[in-house]
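The values are calculated or read from the model by the stated rules, or taken from the named source; none is laboratory data. Everything numeric here is computed off the predicted structure, so don't read it as measured data. Here the Cβ is made from the backbone with ideal geometry for all residues, glycine too, and neighbour counts use every protein chain on show.
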Amino acid sequence: MRPGAPAPALSAAQVTGLDDPVVMQQCQVGPREADGAIPVGLGLSGMYCAACAITIEGALKQVPGVRDVQVQGATQRARLVLDPGKVRLSQLVAAVQSVGYGAWPDGAARAQNARLQVQRQLLWRLLVAGFCMMQVMMITTAQYVSGPQDIPPDIWRLMNWASWVLSLPVMVFSCGPFFTGAWSALKRGQIAMDTPVALGIAAMFVVSTGVTMGHTQWLGHDAYFDSLTMFVSFLLFGRWLESRARERVTQSLESLCGRLPEAVDRSLAPATVADDDLGCSEVATVPLSVLAPGDRVRVAAGQAFPADGQIIQGQTEVDESLLTGESRPVPRERGQLVVAGSINLGAPVWCRVERLGPDTRYQQIVDLVHQALTERPGWMRTADRFAGPFLWAVLVLAALGALAWQWIDPSRSIWVAVSVLVVTCPCALSLAAPSALLSAAGALARSGVLVRHLDALETLASVDQVLFDKTGTLTEPHLQLVKVWHRGQILDPAMGLEGEALTDLQRAASLAALSQHPVSQALVAWAGAGGEVPRWQQVREQAGQGMEAVDEQGITWRLGSAAWALGATEALVWPEARVWLAPQGCDRAQALDAAGFSLDEKIRAEASDALQALRQIGVDVAVLSGDQLARVVALVRQIHVNPPVFVAAASATPEGKLGVLQAAQQAGRVVAVVGDGINDAPVLAKAHASFALDQGAPLAQSQADFIVLGGRLGGVPLAVSIARRAMQIVRQNLVWAAAYNFVCIPLALMGYLPPWLAGIGMALSALGVLLNALRIGASTDAGRHHPSTHTNRV
Amino acid sequence: MDILYLLLPLSVVLVLLILGVLGWSVYRGQFDNLDQEGVRILEEDEQDP
């Protein structure tokens, strides 16, 4: 849709679908206000700059009944407060479309709102910790820089009490996530990374409180409020950054699922009327939410099937790319089953509704995915495995130190134990992994791979086999124009067409643009814009055959199958061509003016390089496919790697692919899967690491660990390399944290470590870890920039 | 130095007030969409007669 140009008006079916009160309820994002107004979320499309947000806000504000509008450009969403009695959703969508953008009711808005509340709370915790830290630092700096007699003891005590009051909000509110994390791990009998953090914070606070209250005999003279607040602020900052990055990816995925709700024609004839007599029965256009099993509905060409059902009259071709990721239409006739969400391409058919909503095949696959996710092989973070032994070692050392000092100088024994606990504060340890993983995720995002689960980077580093799906993953998602037949010559369009052949291609594309058939869309995608586009009149489409139209000079052209365009039912001129464009007329010599187009699947241009790169870093590759073996082998032969790619499975169902994956996993291999269709989703969920292409089914993307943008397969070997580098950095960071502890624990045990030195040590160790993590971004993408084609950012 | 008996508690109270203001602004949604804030100057002001 060109921004600025009004889109075609909403059809009656779309208006009925939008005005369904159920839909309004689904996109409501908050409680009803006192005067009856409700907040509602809309998804938007077509925005490409910040000014678009202003235009859309202006258009929506003019609809009567709308109280307030806020458009967020970065996430392509609008939040409105409106009076449901006065405004209908169709009016809002029409208003947005009138200024040249798209809009739909945002069913995901409620989930997004819940996440927003969580985000806000995290940010407030961070702000509380940060501001308290700043004030406590200010007070304790005076204590640090003062000489022995500069500050009278009363003022000193007042300073300690002030710091104590300021640390209370941090302990009670900001540290909540750490304590709840440690507690829930404890209930499971495990020690997570939160446990040493929680123990360290608690120890620091208890001891500092004791010192403030005057028990300096046992606990030493110094309070640790500044170290405590600084530590908490660092950790919360890291968590906040991580949650922001995750939220971005989640929102970009949700916007993919935005579609206008449809209405469908339901037969009003009672059940006693036979299926064959339905043709003349009356129909009513109803929204989808009122359908029930047993209803008979008429699905027009270009509409999506509203539910799983059986065709009871008519025959057509169906686009099931929603499920299989493959856009090649499949024929369906009377008695055959169709799946909810697939698109009717050929002719209007009557269909009996069998399964709706939660019972559809789509939903069953979703459930299969969720099941596979819960059984996924567990993978603890490296740092978590260190947390347990580390914690025990620290506790034992602290106890030993206290015991030893009982003999030497009992007044210092507890203080020494406390120093040990505080100085081994796991600042570096708890930042070691997250900092490296976040930095790796940032480097990957700049190169066109979105990371949805940071933990998956650890798993990806040890992957030794990658399974690729064929259709849509290794091959381009749409059919490609392979050859053109023109005046007896077979031309290769990749070499560039000229003259008459190019004119014919553009003429065919301009006519094909008026059709929804995937073959037509492939032609349009290939031809692009440009050239002289004739204005077509008297356009008609014959289902399953082709299109016919009259151009400005009065010549009738036909685009479609050979029988349709050339009139020849036998002795096809060139059997490979799927689509012919030919002028119609009495003069049969004009048959020579015909052009034939052959379309087929084509392997992506970068597939060979990507697979070769994977082989070079020691990762094995194989192909899984639901297509027949002969076709798979023929296509795989187009990939030039040595030795040739192994076909692990052909004609495989989703369950079959899952079986191949499980066999490989049980053989001890760490397997990553790259896929795009919904029937890949169970395999993606069960694999150790999963990649989805952003051109594929949204469900596959919502379950995958990594999303490859723009279909650039080169992102897969890049992700593996960066993951391995990230794990290297994590190990370096852990070594650094261990070295720091090795040096500081003896110093603390011997009583040489004052708290200010411990604070500096903590800061330096954390800084060292963070700087080391930043090296990932610098070294890997110098000179290898793949500009992202993701259009989410405004 | 006696003034510190006033200033220290005052600064604590001030920080607590600031925390309250920050919480109010966070929950009012002022930090939800930081990218959009830079665009706000481009919006046309509504003319009130």
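Data table
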| read-out | value |
| --- | --- |
| Filter pass, residue A:601 being in contact (Cβ under 8 Å) with a residue 12 or more places away in the chain, more than 22 Å from residue A:683 (Cβ to Cβ) and charged (D, E, K, R) | no |
| Matching entry among A:728, A:695, A:732, A:701 (being modelled with pLDDT under 85, surrounded by fewer than 21 Cβ atoms within 10 Å (Cβ to Cβ) and not hydroxyl-bearing (Ser, Thr, Tyr)) | A:695 |
| Subset of the range A:327-354 (residues that are assigned to a loop (DSSP other than H, G, I, E, B), farther than 18 Å from residue A:307 by Cβ and either without any contact (Cβ under 8 Å) to a residue 24 or more places away in the chain or over 34 Å from the mean Cα position of the chain (by Cα) (or both)) | A:333, A:347 |
| Failed criterion for residue A:617 (all others in (1) closer than 28 Å to residue A:341 by Cβ; (2) out of contact with any His (no Cβ under 9 Å at 6 or more places or on another chain) hold) | (1) |
| Some residue of the range A:79-101 being free of Cβ contacts under 8 Å to residues at least 60 places away in the same chain and closer than 30 Å to residue A:174 by Cβ | yes |
| Residue selected from the range A:136-159 under the condition within 8 Å of chain B (Cβ to nearest Cβ) and touching a Leu at 6+ places or on another chain (Cβ under 8 Å), by the criterion farthest from residue B:22 (Cα to Cα) | A:155 |
| Test: residue in the range A:160-183 that is among the hydroxyl-bearing types (Ser, Thr, Tyr), more than 10 Å from chain B (Cβ to nearest Cβ) and farther than 25 Å from residue A:416 by Cα | yes |
| Residue count for the range B:22-42, restricted to those that are outside any helix (DSSP H, G or I) and at the interface with chain A (Cβ under 7 Å from one of its Cβ atoms) | 4 |
| Verdict on residue A:67 being surrounded by fewer than 18 Cβ atoms within 10 Å (Cβ to Cβ) and at pLDDT 85 or above | yes |
| Failed item, numbered, when residue A:114 is tested on (1) surrounded by 15 or more Cβ atoms within 10 Å (Cβ to Cβ); (2) assigned to a helix (DSSP H, G or I); (3) not hydroxyl-bearing (Ser, Thr, Tyr) | (1) |
| Residue check, residue A:61 within 14 Å of chain B (Cβ to nearest Cβ), more than 18 Å from residue B:29 (Cβ to Cβ), free of Cβ contacts under 8 Å to residues at least 24 places away in the same chain and not polar (S, T, N, Q) | yes |
| Count of the range A:186-225 residues which are surrounded by fewer than 17 Cβ atoms within 10 Å (Cβ to Cβ), assigned to a helix (DSSP H, G or I) and at pLDDT below 80 | 3 |
| Single residue of the range A:110-135 satisfying the filter (in contact with an Asp or Glu (Cβ under 9 Å, 6 or more places away or on another chain) and more than 9 Å from chain B (Cβ to nearest Cβ)) that is nearest to residue A:235 (Cα to Cα) | A:133 |
| Listing of helices (runs of 4 or more DSSP H) fully contained in the range A:418-512 that carry 1 or more residues being in contact with a His (Cβ under 6 Å, 6 or more places away or on another chain) and more than 30 Å from residue A:622 (Cα to Cα) | A:499-512 |
| Checking residue A:688 against (1) surrounded by 24 or more Cβ atoms within 10 Å (Cβ to Cβ); (2) modelled with pLDDT of 80 or more, the condition it does not meet | (1) |
| Conditions (1) polar (S, T, N, Q); (2) modelled with pLDDT under 75; (3) part of a helix (DSSP H, G or I); number of the one not met by residue A:233 | (2) |
| Members of the range A:140-188 found to be under 30 Å from residue B:2 (Cβ atoms), of a type outside the set (Gly, Ala, Ser) and in contact with an Asp or Glu (Cβ under 8 Å, 6 or more places away or on another chain), listed by number | A:140 |
| Members of the range A:552-572 found to be assigned to a loop (DSSP other than H, G, I, E, B), at pLDDT 70 or above and surrounded by fewer than 18 Cβ atoms within 10 Å (Cβ to Cβ), listed by number | A:552, A:553, A:554, A:555, A:567 |
| Every residue from the range A:74-97 that is within 14 Å of chain B (Cβ to nearest Cβ), among the β-branched types (Val, Ile, Thr) and not in a strand (DSSP E or B) | A:75 |
| Search result, residues across the range A:23-57 that are free of Cβ contacts under 8 Å to residues at least 24 places away in the same chain and within 12 Å of chain B (Cβ to nearest Cβ) | A:51, A:54, A:57 |
| Only listed residue being assigned to a helix (DSSP H, G or I), modelled with pLDDT under 80, farther than 25 Å from residue A:638 by Cβ and not aliphatic (A, V, I, L, M), chosen from A:521, A:590, A:516 | A:590 |
| Extreme residue, nearest to the chain's Cα centre (by Cα), among residues of the range A:17-46 that are within 22 Å of residue A:59 (Cα to Cα) and assigned to a loop (DSSP other than H, G, I, E, B) | A:46 |
